[in-house]
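One structure is given below, encoded as structure tokens.
The values are calculated or read from the model by the stated rules, or taken from the named source; none is laboratory data. The shown structure was predicted, so the numbers you read here are calculated from the model rather than taken from an experiment. Heads up, the Cβs are rebuilt from the backbone with ideal geometry, glycines too, and the neighbour counts pull from every protein chain shown.
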Amino acid sequence: MAKIYLRAGHGGRYSGAVGNGLVEKQETLRHILMLAEELSKYEGLELKLARTADVTVELNDSIAEANRWGADLYYSSHINGFQDSSAYGYESHIYPTPLAESIRVQNVLHPKQAAVWVKWGSRDRGKKRSNFAELRETKMAAILVENGFITNKNDAQLLRNNSFLQELTQATVEAFVELYDLKKKEEPGMTAKTYIVQSGDNMYRIARNNNMTLEELASYNPHITDINYIEVGDIVFLSKPTLFEVDYAAMNRELILCRKKKEEYEKIGKEINTLSHKFL
């Protein structure tokens with residue numbers, strides 16, 4: 001079972017680089033949430049995210065958490081910024097005296113991500129070795145990627161492009177599949193009777209429509225920890241589920257929440273871009 005620690009650079013009071021209406025802490029989180037959503041579709045893999053929202057997580061705390069957890073890989077997402085806006089392109093970093101596994105990770109991951117940047121008109125700035133704390137203090141294989149320059153107009157446009165981001169995410173997933181021989185999860189067949197939450201639903205209404213008490217419905221759905229809070233797309237069991245089915249429903253809920261966070265940050269990014277054009 002491969003254990004991958006995903007860190008979206010900066011966050012909370014640490015904005016990171018800023019340029020062209022974009023903020024690094026928001027764009028790195030969007031990349032990590034998209035990546036986590038796609039990787040969750042594979043078996044033989046455990047994921048831990050340093051953050052899933054715009055909150056402050058100190059760098060030392062992330063490093064310590066990954067070390068305690070015993071991660072096999074520490075993957076950190078960043079975006080470059082520079083006073084000269086002509087600087088552009090993608091690069092990846094590992095420690096100057098790296099573990100053999102870090103070299104292997106960079107050799108597999110870098111060309112796949114770089115190829116996407118080159119295809120979309122940016123460039124590959126090369127595989128680099130740097131004395132960053134995230135690479136120096138982590139006990140496992142570690143890589144830090146710099147996804148373009150937020151201060152470059154063309155790179156920033158790519159970071160706004162959903163098609164580009166989806167392709168970059170898929171290239172990253174393909175690298176992890178190769179590195180850890182991951183297999184796609186099979187879609188399970190549900191033995192319990194199920195209902196998919198629609199807009200306007202609540203647990204009270206679902207129970208009533210299926211001639212059940214709220215208490216009975218809640219007992220079938222331990223993955224819904226607060227009966228007053230359900231999301232469109234949630235799986236609600238109308239009969240007793242297996243443990244596997246409960247785990248699947250819980251994972252489905254995590255995917256829904258990841259998508260919701262991604263949509264929120266896309267909306268914030270568009271609002272920032274609109275404001276930046278008004279003041280520039």
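Some observations on this one:
Residues are listed down the side, and each one gets a yes or a no for (1) part of a loop (DSSP other than H, G, I, E, B); (2) farther than 25 Å from Glu43 by Cα; (3) of a type outside the set (D, E, K, R):
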site: Ala171; (1), (2), (3): no, no, yes
site: Val177; (1), (2), (3): no, no, yes
site: Ala192; (1), (2), (3): yes, no, yes
site: Asn211; (1), (2), (3): yes, yes, yes
site: Leu217; (1), (2), (3): no, yes, yes
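- Residue that is hydroxyl-bearing (Ser, Thr, Tyr) and outside any loop (DSSP other than H, G, I, E, B), where the choices are Ser86, Ser102, Ser122: Ser102
- Test result for Pro96, farther than 22 Å from Leu255 by Cβ, in a helix (DSSP H, G or I) and out of contact with any helix residue (DSSP H, G or I) (no Cβ under 8 Å at 6 or more places or on another chain): no
- Cβ-Cβ contacts under 6 Å between residues 6 or more apart (or on different chains), taken from a first residue in the range 124-151 that is in contact (Cβ under 8 Å) with a residue 24 or more places away in the chain and charged (D, E, K, R) to a second residue that is part of a loop (DSSP other than H, G, I, E, B) and surrounded by fewer than 22 Cβ atoms within 10 Å (Cβ to Cβ), are listed as Arg125/Gly89; Arg129/Pro96; Arg136/Tyr95.
- Residues of the range 61-83 that turn out to be without any contact (Cβ under 8 Å) to a residue 40 or more places away in the chain and farther than 24 Å from Glu254 by Cα, as a count: 1
- Within the range 128-160, the set of residues being assigned to a strand (DSSP E or B), touching a His at 6+ places or on another chain (Cβ under 8 Å) and not β-branched (Val, Ile, Thr) comprises Lys128, Arg129, Leu144, Glu146, Asn147.
- Any hit, the range 66-75, residues being among the hydroxyl-bearing types (Ser, Thr, Tyr), in a strand (DSSP E or B) and in contact with a helix residue (DSSP H, G or I) (Cβ under 6 Å, 6 or more places away or on another chain): yes
- Condition met for Glu254 (of a type in the set (D, E, K, R) and over 22 Å from Lys48 (Cα atoms)): no
- Residues (crowded, with 18+ Cβ neighbours inside 10 Å and either at pLDDT below 80 or not aliphatic (A, V, I, L, M) (or both)) located in the range 237-247: Phe237, Pro241, Glu245
- Those residues of the range 91-145 which are crowded, with 21+ Cβ neighbours inside 10 Å and more than 26 Å from Asn161 (Cα to Cα), in sequence order: Ile94, Tyr95, Ser102, Val105, Glu134, Leu135, Thr138, Ala141, Ala142
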